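See below for the structure under consideration.
Laboratory data are not the source of any read-out in this text; all were calculated from the coordinates shown. Predicted model only: the values in this text are computed from it and were never measured. For neighbour counting, all protein chains shown are included, and Cβ atoms are generated from backbone atoms with ideal geometry for every residue, glycine included.
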Amino acid sequence: MIQINNLTKDFGNRKGVFHITFNIKEKEVFGFLGPNGAGKTTTIRHLMGFLNADAGECTINGMECRHQTAAIMKQVGYLPGELALLDAMTGMQFFQFMAKLRQQTDLSLCRQLIERFELDSSTSIKKMSKGMKQKVAVITAFMHDPQILILDEPTSGLDPLMQIEFAKLISEEKNKGKTILMSSHNFDEVEKNCDTIGIIRAGEMVCIEDIHSIRQKKRQNYTLIFSDTEEASKFVNNTHFAFGQLTDASVEVKEINNLNNLIKELSKYKIIDIQSEKYSLEHLFMHYYGGSKS
């Protein structure tokens with residue numbers, strides 16, 4: 001459904017994207033991860049036909065993104081990372097304007113989304129807060145029920161309750177079989193909803209991995225909190241698990257594959273709490289960015 005092949009756009013000083021290649025299948029949800037400046041938005045702008053590539057190509061549903069933009073726009077719901085709305089309009093006037101551009105006559109879904117995201121659509125966009133403007137952008141992207149969604153930091157500016165509502169909406173769209181590319185800084189949001197993860201670093205793709213393979217990673221660490229330091233020391237001295245940091249009455253046990261063995265051993269000691277930490281999307285991300293979770 002979405003194909004990017006050897007996409008290169010060099011802005012100089014190692015800014016841009018370089019030899020980007022990935023595909024998104026029909027009904028797949030693709031999570032696009034990377035910090036600000038890594039190249040996510042540049043890649044998305046090529047998909048939307050806003051930029052001329054130095055090399056490579058992008059297609060959406062078989063259409064070339066730069067030269068068939070008008071046809072693509074009819075099938076795509078786009079939420080930009082940087083909003084540029086028409087400040088002189090109210091929210092509803094903007095929705096009506098966008099509907100005319102798309103030749104959309106039925107605004108019933110738009111009204112449902114307005115109610116769902118608790119937007120006062122009679123307010124002038126110029127007077128709206130950042131969160132309200134983000135709601136306008138979300139509604140605009142979804143209101144024509146597109147089969148393809150390209151969302152650049154979609155929850156930016158939304159309060160926690162609206163972020164939860166947005167996550168529900170993404171889940172519903174996924175269940176309908178929509179094809180979704182979603183750029184986000186929210187690991188939980190991506191891990192919960194995406195089928196495939198792509199990580200970009202300094203304009204280059206460094207990882208494309210199926211979310212199920214991340215979930216099936218066997219490594220799991222536990223932090224054991226004992227009743228006192230003496231109990232913790234006894235455990236460390238009398239067992240053969242791989243240990244991490246020992247802090248007062250806490251012990252980190254690394255890479256446990258058989259939890260039954262650990263529980264059996266712990267029955268001999270006075271334990272206050274057990275905290276688990278599974279290999280997660282955040283671990284994978286920090287591996288490529290040199291963080292402490294590598």
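Quick one: net charge around E173, please, counting Lys, Arg +1 and Asp, Glu -1 for every other residue with C-beta under 11 Å from its C-beta. The partial results should precede the final answer.
Numbers: positive: K27, K168, K174, K176, K178; negative: D145, E172.
Within the 11 Å Cβ shell, the charges total +3.
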Pop a pseudo-label 7 angstrom from the Cα along the beta-carbon direction at both K192 and K74 and give the gap in nm to one decimal. 3.6
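Quote the charge dipole size of the range 1-97 about the Cα centre in Debye, to the nearest 20; the model charges only the Cβ of Lys and Arg (+1) and of Asp and Glu (-1). Could you put the intermediate results ahead of the total?
Values: 9 positive and 8 negative charges, 25 e Å.
The dipole of the range 1-97 has a size of about 120 debye.
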Once Lys and Arg get +1 and Asp and Glu get -1 on their Cβ, which of S183, C194, Y222 lies farthest toward the positive end of the dipole of the range 164-227? Y222
Hydrodynamic calc, the chain: Kirkwood Rh from Cα pairs, then Stokes-Einstein at 20 °C with viscosity 1.002 mPa s, so D in µm² s⁻¹ is 99
Using a 10 Å cut-off on Cβ atoms, rank the peptides 18-29, 145-156 from the highest mean neighbour count down. 145-156, 18-29
Report, in order of residue number, the helices in the chain meeting two criteria: a C-alpha extent of 15 Å or more along the helix axis, and a mean Kyte-Doolittle hydropathy of at least -1.0; treat each whole DSSP H run as one helix. 91-101, 130-142, 160-175
Charge sum, other residues only, whose C-beta stays under 10 Å from P80's C-beta, Lys/Arg counted +1 and Asp/Glu -1: -2
Neighbour-limited loop hits for trypsin sites (Lys or Arg not before Pro), the range 152-239 (at most 12 other Cβ within 10 Å; DSSP other than H, G, I, E, B): K176, K217, K218, R219
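Counting only C-alpha contacts under 8 Å and six or more residues apart, can you give the relative contact order of the chain as a whole percent? Walk me through the numbers on the way to the answer.
Details: 528 pairs, mean separation 57.6, N = 294.
Relative CO of the chain lands at 20 percent.
Highest mean first, what order results for 67-76, 39-48, 127-136 on Cβ atoms within 10 Å? Display every interim value, and only then the final one.
Values: 67-76: 15.4, 39-48: 22.2, 127-136: 17.6.
Most protected by this proxy first, the peptides run 39-48, 127-136, 67-76.
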Which value, in debye to the nearest 20, gives the size of the charge dipole of the chain about its Cα centre, when Lys and Arg are +1 and Asp and Glu are -1 at the Cβ? 500
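Suppose we keep just the DSSP beta bridges with both residues in the chain; what percent of those would be antiparallel, to 5?
Details: 36 of 53 bridges.
Looking only at bridges with both residues in the chain, the antiparallel portion is about 70 percent.
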For the pair N221 and L85, how long in nm is the line joining their label points, each one 7 Å along Cα→Cβ? 4.3
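I want the local charge near T43. Using Cβ-Cβ distances under 15 Å, sum +1 for each Lys or Arg and -1 for each Asp or Glu among the other residues. Let's see the in-between values first.
Working: positive: K9, K15, K40, R45, R66, R201; negative: D10, D54, E57, E82, D152, E153, E204.
With Lys, Arg at +1 and Asp, Glu at -1, the net is -1.
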Which are the unpartnered cysteines of the chain, meaning those with no other cysteine Cβ under 4.7 Å from their Cβ? C110, C194, C207
